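The values are calculated or read from the model by the stated rules, or taken from the named source; none is laboratory data. Because the structure is a prediction, the values reported are computed rather than measured. With ideal geometry, Cβ positions are generated from the backbone for all residues, glycine too; neighbour counts draw on all protein chains shown.
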Amino acid sequence: MLDLDETKNRPHYTELPRALLVGHDVLDEVPGVMKKLNISGEAVLVCDEMTKKLAGNKVAQVAGDHGLRCHMIEIVEAGGDEAQRVMDLAKDKSANVVIGVGGGRPIDVAKYSAYEIETPFISIPTAASHDGIVSGRASLHIKGQKKSIAARAPLGVIADTHIISKSPHRLLASGCADVISNVSAIMDWELAHRLKNEYFSHYAATISLTTAKMMMENAHYIRPMLEASARFVVKALISSGISMAIAGSSRPASGSEHAFSHCLDQLAEKPALHGEQCGVGTILATYLHGGDWENVREALSAVGAPIDARGLGLKNEEIIRALTTAHTIRPERYTILGDGIDTEAAWEVAKITGVVDSE
Ligand SMILES: [Zn+2]
C-alpha cells in the first residue's frame with residue numbers, strides 16, 4: 001500500500017555497486033572492469049594463503065599487464081591488526097583501490113580497510129558462503145570478540161563461477177542458508193515497522209524476500225561442483241546485498257536469526273559457519289513468528305546446510321544460551337525476540353523444531 005505519511009519524505013541515501021561481473025573464467029576481465037571504473041595506478045590486493053593461489057596471483061598478473069600495479073598482502077585472520085597492516089600498506093603505496101580476494105576473511109579485512117582510508121573496494125569472491133561478498137558490513141575479530149562493523153560496500157564485484165564451483169560444498173550451502181535467512185529477517189523488519197514505527201522499504205523487502213523464495217524453490221538444484229549452482233547462489237547473494245544497499249542498512253537480510261548467529265560466534269566453543277548458524281536461527285525465528293518453519297528446514301536440508309545442533313557441531317546448551325541472549329546483541333534492532341525469550345520457552349521452541357534433541 002502506498003505510504004502517504006508526509007513525515008517520511010526525508011532524504012534517503014543509497015549506494016549501489018557500479019560493476020557486477022559474474023561468470024566462467026572472468027578474472028581475465030579484471031583490467032576491463034577497472035578501466036570502466038576509472039581505477040588505475042596502485043592497488044592493494046588482500047588475500048590469504050589459499051586464495052592467493054586460487055585467484056590472487058592471477059588477478060595481480062592480469063591487472064599488472066594492464067598498468068594496475070597490485071601490492072599483495074597475505075592475511076591469516078580477520079582482525080584489527082591485519083586491517084591496520086592493509087591500511088598502512090595502502091597509505092604507503094598511495095593505493096587508489098583495495099581489492100579483496102577470498103571467501104570471508106580477506107574480503108572482510110579489505111572492505112573494512114577501504115572504509116577507514118576512504119578508498120574504493122573491489123570484491124573478488126572465491127567462495128559464496130555469505131552475503132558479505134556484496135554488503136557494506138564486515139565481520140572482524142576485535143579484542144578477541146567477533147564483531148559485525150561498518151565497512152565499505154563494493155564498487156565492483158567480480159565473481160568467477162568456475163573458481164566458486166570448486167570450493168567446498170559446505171561453503172556454498174552456507175551461502176544458500178544466508179539467503180534463506182532473509183525470510184525471518186523480513187518478518188522481523190515488518191514487526192519492528194508495525195510496533196516501533198521503524199523505517200521500512202517495500203522495495204528492499206520485496207527484493208530480499210523474492211530472492212529467498214527463489215532459493216527455497218530451487219533448493220533441490222543446488223548441487224556440489226556444479227557451476228550453474230554456484231552462479232545461482234552468487235546472484236542471490238548479490239540480490240541480497242542490493243536489498244541492503246537500497247534499505248541503507250542490513251535490515252532486509254539480518255534479523256533475530258543473525259543475532260542468534262552472532263551470539264553463537266561469541267559463546268560457542270567451536271562456532272559453525274555464519275550462514276549455517278543463520279539458517280538454523282531462521283528455523284527457530286520462523287517458528288516464533290508462526291511462519292512455515294518446516295518449509296525453511298526442508299530447503300536448508302535440500303541445499304545441504306545443517307538443520308540442528310548436531311549438524312552445526314554445537315551443544316544443545318549453546319543453542320539455548322544463544323537463543324536466550326540474542327536480543328541483547330543489538331538491542332536497537334527490534335525482532336520477534338523482543339526483550340528476550342525465557343529459558344524454558346527456548347528449550348520448547350528448539351525441541352519442537354528439532355533443532356535440539358527432544359529427550
Ligand atoms: Zn548473513
(Q) Checking the condition farther than 19 Å from Leu140 by Cα, assigned to a loop (DSSP other than H, G, I, E, B) and in contact (Cβ under 8 Å) with a residue 12 or more places away in the chain, which residue from Ala272, Ala305, Ala285, Ala299 passes? (A) Ala305
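Answer yes if at least one residue in the stretch 54-67 is hydrophobic (A, V, I, L, M, F, W, C), assigned by TED's automatic domain parsing to the domain that holds Ile158 and within 24 Å of His274 (Cβ to Cβ), and no otherwise.
yes
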Q: Evaluate the following for Ser148: is it hydroxyl-bearing (Ser, Thr, Tyr) and modelled with pLDDT of 95 or more?
A: no
Q.
Out of the residues in the stretch 83-108 meeting the condition of being closer than 27 Å to Ile180 by Cβ and either assigned by TED's automatic domain parsing to the domain that holds Ile180 or in a helix (DSSP H, G or I) (or both), tell me which one is farthest from the ligand (Cβ to nearest atom).
A. Pro106
Q: Return the residue satisfying two criteria in turn: it lies in the stretch 232-250 and is farther than 17 Å from Ser174 by Cβ and of a type outside the set (Ser, Thr, Tyr), and of such residues it is surrounded by the most Cβ atoms within 10 Å (Cβ to Cβ).
A: Met244
**Q.** Subset of the stretch 245-300 (residues that are aromatic (Phe, Trp, Tyr) and within 14 Å of the ligand (Cβ to nearest atom))
**A.** Phe260
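I'd like the residue in the stretch 137-152 that is of a type outside the set (Val, Ile, Thr) and surrounded by fewer than 20 Cβ atoms within 10 Å (Cβ to Cβ) and, out of all such residues, is farthest from Lys213 (Cα to Cα).
Among them, the one singled out is Lys143.
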Q) Got a sec? Which of Leu155, Leu195, Leu226, Leu172 is surrounded by 24 or more Cβ atoms within 10 Å (Cβ to Cβ) and either more than 16 Å from the ligand (Cβ to nearest atom) or not aromatic (Phe, Trp, Tyr) (or both)? A) Leu172
Q: Scan the stretch 309-359 for residues that are free of Cβ contacts under 8 Å to residues at least 40 places away in the same chain, small (Gly, Ala, Ser), part of a loop (DSSP other than H, G, I, E, B) and within 20 Å of Gly290 (Cβ to Cβ) and jot them down.
A: Gly338, Gly340
Q) Among the residues of the stretch 255-265, is there at least one that is at pLDDT 95 or above, assigned by TED's automatic domain parsing to the domain that holds Ala326 and not in a helix (DSSP H, G or I)? A) yes
Q) Which members of the stretch 113-140 meet the condition of being more than 16 Å from the ligand (Cβ to nearest atom) and either under 23 Å from Arg231 (Cβ atoms) or touching a helix residue (DSSP H, G or I) at 6+ places or on another chain (Cβ under 7 Å) (or both)? A) Ser113, Glu116, Ile117, Thr119, Pro120, Phe121, Ile122, Ile124, Thr126
Q: Return a yes/no flag: does the stretch 330-353 have any residue that is small (Gly, Ala, Ser), within 16 Å of the ligand (Cβ to nearest atom) and surrounded by 20 or more Cβ atoms within 10 Å (Cβ to Cβ).
A: no
